[in-house]
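The values are calculated or read from the model by the stated rules, or taken from the named source; none is laboratory data. What you are looking at is a predicted structure, and each value in this text was computed from that prediction instead of being measured. Because the Cβ atoms are built from the backbone with ideal geometry, glycine has one as well, and the counts that use them run over all protein chains shown. The protein model used for the area step is the full one, side chains on, heavy atoms only, and it has no ligands, DNA or RNA in it. Shrake-Rupley method; radii C 1.70, N 1.55, O 1.52, S 1.80 Å.
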Amino acid sequence: PKVVFDSKTVELRLLSKELSLGGAVGDPLLERYLTDPVRRDYSLNKLAEDFTGFVVSENSSVTGVALDAWMTSHLHSKVSEFVENTQQGRVLSEIELPSSHVLAKMELAGILVNSTKLKELFAELASRAEQVAANCYEIIGKEINLNSPKQLQTVLFDDLGLTGTKSVKTGFSTNAEALTTLFEQTGHPFLEMLLEHREVTKMRQMVEIILKGVAEDGRVHTSYVQTGTSTGRLSSENPNLQNIPIKSPIGKEIRDCFTAGVGFETLLTADYSQIEMRIMAQLSGDEGLIQAFKDGEDLHRFVGARVFGVEPAEVTPAMRSKVKAMSYGLVYGLSEYGLAKQLKITNGEAKQLMSDYFYRFGGVRRYLASVVDEAKTLGFTKTVYGRRRPFDDLNSKLFQVRENARRAALNAPIQGTAADIMKLAMTRIDQKMIEANLKSRMLLQVHDELVFEVVSGELEALKSLVIENMRNVVELSVPLDVHIGVGTSWESAGH
Ligand code: DGT
Ligand code: MG
C-alpha cells in the first residue's frame, strides 16, 4: 500500500517508462479535493501549511523528495480522517483513485492531430479575422482596436449613438453578452461584424493553443485536472480539449483534425444521451419523467405533450424546444427571467410555462426545493454516490450571492452524479478491455463523451464492450442510453 500525492502525475511518469504504480491507497490531493472541492490552490506546500503549519519558504534549505514525502504522510493522516468523517471513503477508493490511473493512461496516449490541416485552418481563421476587422473599419469609417472596451464604447455609444442597456462603471458594457443583446435590439451591421470578429479570433486562438500542444509524436496529450471543478467534473488543460464547440462549423473543422493514429483503423465515440435528465428522473423520483424514459419515447416530445396538454404527435417543434429549454434550465437553476430571455418570451409567459411544467412534473419541483433546503440545513449537497459539495452562501444577505449559490446547489448533485457515473464507467471499461486483451485505447473524456482509438479487427468487440459497460455501470430507475459513432476523425465519429 502506498500513499501518493497527485498519483495521476506520478503514474504518468512511470507509465512513460513502462512502469506502473500499483497499490495507491491514498492521495492527499484527491482527499483534500473531496473534502474541500471549492478551493483553488491544491499545491502540496499550501495544503501542508494549512494542516500542519509547516511553511516551506522559497529559499528554504530543506527541499526535495524527502520533504515532500514527509508532508504527504502528515497530510494524509489528517485529511483521510475528513474523508471518513464525510463518508466519502468509497468515492475516493472506487471513483477518484481508480480513475486517476485510467486518466494517466489517456494522457500518455494522447490523440493524433493532422497538423497540416490544422495549420491551414489557423491560416484561414487568421485571414478571416483580418477580413472581418476590415469590414468593421469600413462600416465605422476608421480603424480602431476592436479589443479595446474603451474604443468600442466611443464608437458604439458616441459615434453610432446606440443606446446600451447595461451600464457599468466605465460606461456601457462591451462583453459578448451585452453586445449580442445590443445587436438583437438594434440590428446594427457593425455589431454583427464585431460579434463575428470576436468569434473568429476566439477560435483562432483555440487552434493556436492546440497547435502549440502538439508533441513530437504528432499527438496532443491534454492534462486532466481531477481537482478542476467543484462538482466532480474533470477539467482539461494544456491544451483544453473539452471546450471545442460542438455545433459551430469552426468547432467541427477543429474536431475534424483529430484522427486515428498509425496502427489504428478508426476512432470511436460513445456518449451518454440526456444523462442530466435521467439523473433528474432518478433523484426526483418523478413518475412522469421516469415514465418518459421507460417508454423509450422522445423525451422532450413526451414532456411537451404533458405540459401543453396535447397528444405527443401534436407537439410542434416550437413546443418541443420550449420544454427542452425548460428541462435543461431546471438542471442549471434557471430562473423565470432567464428562461424568458433564452426563449425570447415575456416574463409572464415564462412564469406560466414553469407553472404548467411543475403542475405536470410535481416530483421535480419537490426535489429541487428539497435540494436547496437540505443544502441550507446541512451546508452541502450530495451526489448519488455521496460526493459532497459545500455551500456557505445560501443564506447570504446579498441577493446575487444567494441566487448564484442556489443555482449551483441545484446543479451540483446532477452534474456531480453524471461525473461519478462517467468515472466509474471509464474505470470499468479500462479493466474489461484489459481482460478482453484488446489493443484499442481510450483517448479522451469530454464530460459525457468518450473517444477511443480502434485497432483493426476490434471494432465490434469494442463497441459492445463500451455500450454494455456504460449502460450497466449503475442501476437507476431509468435506463442509461449510449450513442456510438465511428469515423476516421473525431468529427466524423461524432453524431
Ligand atoms: P435532442 O437532441 O433535441 O433530442 O435533445 P437532447 O436532450 O439530446 O439535447 P441536445 O442533444 O440538444 O444537447 C445535449 C446537451 O446540451 C445536454 O447535455 C444539455 C445541453 N443543452 C441542450 N439544450 C440546453 C439548454 O437549453 N440549456 C442548457 N443549460 N443546456 C442545454
Ligand atoms: Mg441530442
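Can you pull out the residues in region 338-365 that are within 15 Å of ligand 1 (Cβ to nearest atom), open to solvent by 70 Å² or more (accessible area, probe 1.4 Å) and not in a loop (DSSP other than H, G, I, E, B)?
341, 342
Every residue, every condition in (1) surrounded by fewer than 18 Cβ atoms within 10 Å (Cβ to Cβ); (2) assigned to a helix (DSSP H, G or I); (3) out of contact with any Ser or Thr (no Cβ under 7 Å at 6 or more places or on another chain), yes or no:
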position	(1), (2), (3)
429	no, yes, yes
434	yes, yes, yes
442	no, no, yes
451	no, no, no
456	yes, no, yes
461	yes, yes, yes
464	yes, yes, yes
467	yes, yes, yes
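Kindly evaluate residue 485 against the criterion of being within 17 Å of residue 260 (Cα to Cα), assigned to a strand (DSSP E or B), touching a residue at least 40 places away in the same chain (Cβ under 8 Å) and within 15 Å of ligand 1 (Cβ to nearest atom).
So residue 485 passes the test.
Determine whether residue 417 is assigned to a helix (DSSP H, G or I) and closer than 21 Å to residue 379 by Cα. Break it down into steps so the answer makes sense when it comes.
On the way: assigned to a helix (DSSP H, G or I): yes; closer than 21 Å to residue 379 by Cα: yes.
Taking the combined requirement at face value, the residue satisfies it.
Out of all the residues in region 37-51, which are of a type outside the set (Gly, Ala, Ser), touching a residue at least 24 places away in the same chain (Cβ under 8 Å) and part of a helix (DSSP H, G or I)?
At the first step, the residues of region 37-51 found to be of a type outside the set (Gly, Ala, Ser) are 37-42, 44-47, 49-51.
Imposing the further condition that a residue be touching a residue at least 24 places away in the same chain (Cβ under 8 Å) reduces the set to 37-38, 42, 44-45, 47, 51.
Correct list: 44, 45, 47, 51.
Going by what's in this entry, would residue 69 be described as open to solvent by less than 30 Å² (accessible area, probe 1.4 Å) and either within 22 Å of the chain's Cα centre (by Cα) or over 30 Å from residue 218 (Cβ atoms) (or both)?
Numbers: open to solvent by less than 30 Å² (accessible area, probe 1.4 Å): no; either within 22 Å of the chain's Cα centre (by Cα) or over 30 Å from residue 218 (Cβ atoms) (or both): yes.
Judged against the criteria, residue 69 is not a match.
Sort through 374, 314 and tell me the only one that's farther than 27 Å from residue 39 by Cβ and more than 16 Å from ligand 1 (Cβ to nearest atom). Lay out the reasoning, then the answer.
Numbers: 374 fails: farther than 27 Å from residue 39 by Cβ.
So the residue among 374, 314 that is farther than 27 Å from residue 39 by Cβ and more than 16 Å from ligand 1 (Cβ to nearest atom) is 314.
Of the residues 398, 394, which is surrounded by 17 or more Cβ atoms within 10 Å (Cβ to Cβ) and under 23 Å from residue 337 (Cβ atoms)? Give the steps one after another, and end with the answer.
Values: 398 fails: surrounded by 17 or more Cβ atoms within 10 Å (Cβ to Cβ).
Being surrounded by 17 or more Cβ atoms within 10 Å (Cβ to Cβ) and under 23 Å from residue 337 (Cβ atoms) holds for just one of 398, 394, which is 394.
Mind checking which pairs have a first residue in region 386-399 that is in contact (Cβ under 8 Å) with a residue 12 or more places away in the chain and in a helix (DSSP H, G or I) and a second that is surrounded by 14 or more Cβ atoms within 10 Å (Cβ to Cβ) and not charged (D, E, K, R), Cβ under 7 Å, 6 or more apart or different chains?
393/401; 393/405; 394/372; 394/375; 394/405; 394/409
Being over 19 Å from the mean Cα position of the chain (by Cα) and charged (D, E, K, R) is the filter here, so list the residues in region 199-258 that pass it.
199, 204, 208, 212, 216, 217, 219, 253, 256
Go through region 320-333 and count every residue that is open to solvent by less than 70 Å² (accessible area, probe 1.4 Å), without any contact (Cβ under 8 Å) to a residue 60 or more places away in the chain and either near ligand 1 (Cβ under 9 Å from one of its atoms) or within 17 Å of residue 411 (Cβ to Cβ) (or both).
7
Please name all residue pairs, on different chains or six or more residues apart, with Cβ atoms under 6 Å, provided the first residue is in region 76-96 and is closer than 17 Å to residue 2 by Cα and the second residue is aromatic (Phe, Trp, Tyr).
78/51
Which condition does residue 45 not pass, out of (1) open to solvent by 70 Å² or more (accessible area, probe 1.4 Å); (2) at pLDDT below 95; (3) under 29 Å from the mean Cα position of the chain (by Cα), if it passes all the others?
(1)
Quick one: which of 5, 51 is out of contact with any strand residue (DSSP E or B) (no Cβ under 8 Å at 6 or more places or on another chain), aromatic (Phe, Trp, Tyr) and surrounded by fewer than 21 Cβ atoms within 10 Å (Cβ to Cβ)? Even if it seems obvious, please write down each step before you answer.
Values: 5 fails: surrounded by fewer than 21 Cβ atoms within 10 Å (Cβ to Cβ).
None of the others qualify; the one that does is 51.
Just checking, does region 251-260 include any residue being basic (Lys, Arg), at pLDDT 95 or above and open to solvent by 30 Å² or more (accessible area, probe 1.4 Å)? I'd like the intermediate steps shown before the answer.
Our first condition is that a residue be basic (Lys, Arg); within region 251-260, this holds for 252, 255.
Going one step further and asking which of them are at pLDDT 95 or above, we end up with 252, 255.
Next, only the ones that are open to solvent by 30 Å² or more (accessible area, probe 1.4 Å) stay: 252.
Yes; the residues of region 251-260 include at least one that is basic (Lys, Arg), at pLDDT 95 or above and open to solvent by 30 Å² or more (accessible area, probe 1.4 Å).
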